Amino acid sequence: MKTAVAKSLFKSHDYHEFRKLISDLLLEGKSTGNEQSESHTRISGLNDARMDMLDKTITISEENIAKLKSLKKKYIWLVLAEGWCADSSQILPVLNKMAHESGKIDLKIVLPEENEDLMDLFLTDDVRKIPKVIVVDKESGDVYGSWGPMPKGVSDLIRSYKEKNGCIDEAAKADLQTWYMKDKGISTQNELIGLMLEQEQLHLLEE
């Protein structure tokens, strides 16, 4: 696992580099990933605009800032994400703000198709799903856990909609966007900070 993480970090982008990669590809009529399509490019454009907005509006609560600053170690959040992924566009700006406020977290982003060995170590229900946040101890390189591909509220909404309607259609996607807008990144903050504090305590007890 450490080898896969190290190789991926070598090819990683910080948040601003990732945003520039998306923007540069859009100028060429392209998206991230090997599969190029009009749909992927269109969605990437929408996601790029969404991230611009969220960069300006997302805030981290004072309570969560205090929790982030209370972390005993320094970490890397290694995130598998794509420019055409709607959930990635909702979550990455939150992660960027959290990392900045913490003073103890470096955010690094990698593309799944360039890092398949890493992706396959962090499947969701035996399937590749993104975004996936991998929590890495910056000093030791140990993996403390992972989070994703979405907050529990989104997972619950998708499961309920599928049970009722049999598939995820455009109406479901609209419901998901509404959920994210109302949530304002709070669920992502709370769930990921909870994971960080829990895993840090476990590892400190083992040392």
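Taking every Cα-Cα distance in the chain and sorting them into 5 Å bins starting at zero, the pair-distance distribution P(r) comes out as 1, 7, 15, 19, 20, 18, 11, 6, 2, 0, 0 percent. Accessible surface of the range 127-207, 1.4 Å probe: 53 percent of it comes from carbon and sulfur atoms. Taking one quarter of the surface of the C-alpha convex hull of the range 70-112 gives a mean projected area of 3.0 nm².
Residue farthest toward the positive end of the dipole of the chain, with Cβ of Lys/Arg at +1 and Asp/Glu at -1: which of MET181, LEU26, ALA6? Going by the charge dipole, the pick is MET181. Here the range 11-73 exposes an accessible surface that is 54 percent carbon and sulfur, computed with a 1.4 Å probe and the other protein chains kept in place.
Positive contributions from Lys and Arg (+1) and negative ones from Asp and Glu (-1), summed over other residues with Cβ under 14 Å from the Cβ of SER155, come out at -2.
Rolling a 1.4 Å probe across the protein heavy atoms gives the range 69-207 an accessible surface of 48 Å² per residue.
Anisotropy class assigned to the range 6-56 is oblate, per the alpha carbon gyration tensor with a/c at or over the 1.5 cut-off and a/b no larger than b/c.
Rounded to the nearest 500 deg cm²/dmol, what is the calculated helix-only ellipticity per residue at 222 nm for the chain, with -39500 (n - 2.57) per DSSP H run of length n ≥ 4?
On the way: 9 runs with 122 residues, N = 207.
Using -39500 (n - 2.57) per qualifying helix, the result is -19000 deg cm²/dmol.
Measure up LYS69/LYS173; LYS104/LYS184; LYS138/LYS173 against 25 Å on the Cα-Cα distance and list the ones that go over. Violating the 25 Å Cα-Cα cut-off are LYS69/LYS173; LYS138/LYS173.
Applying the criteria of a DSSP loop state and at most 13 other Cβ atoms within 10 Å to the trypsin sites (Lys or Arg not before Pro) of the range 105-207 yields LYS138. For the chain, a simple Cβ point-charge model (Lys and Arg +1, Asp and Glu -1, everything else neutral) yields a dipole of about 440 debye relative to the Cα centre.
Among residues other than GLY29 with Cβ under 15 Å from its Cβ, the summed charge is -3 (Lys and Arg +1, Asp and Glu -1).
The values are calculated or read from the model by the stated rules, or taken from the named source; none is laboratory data. Only a predicted model underlies this, so the values are computations on that prediction, with no experimental measurement involved. Here Cβ is always computed from backbone atoms with ideal geometry, including for glycine, and neighbour counts include all displayed protein chains. Side chains included, ligands, DNA and RNA excluded: accessible areas come from the protein's heavy atoms. Shrake-Rupley method; radii C 1.70, N 1.55, O 1.52, S 1.80 Å.
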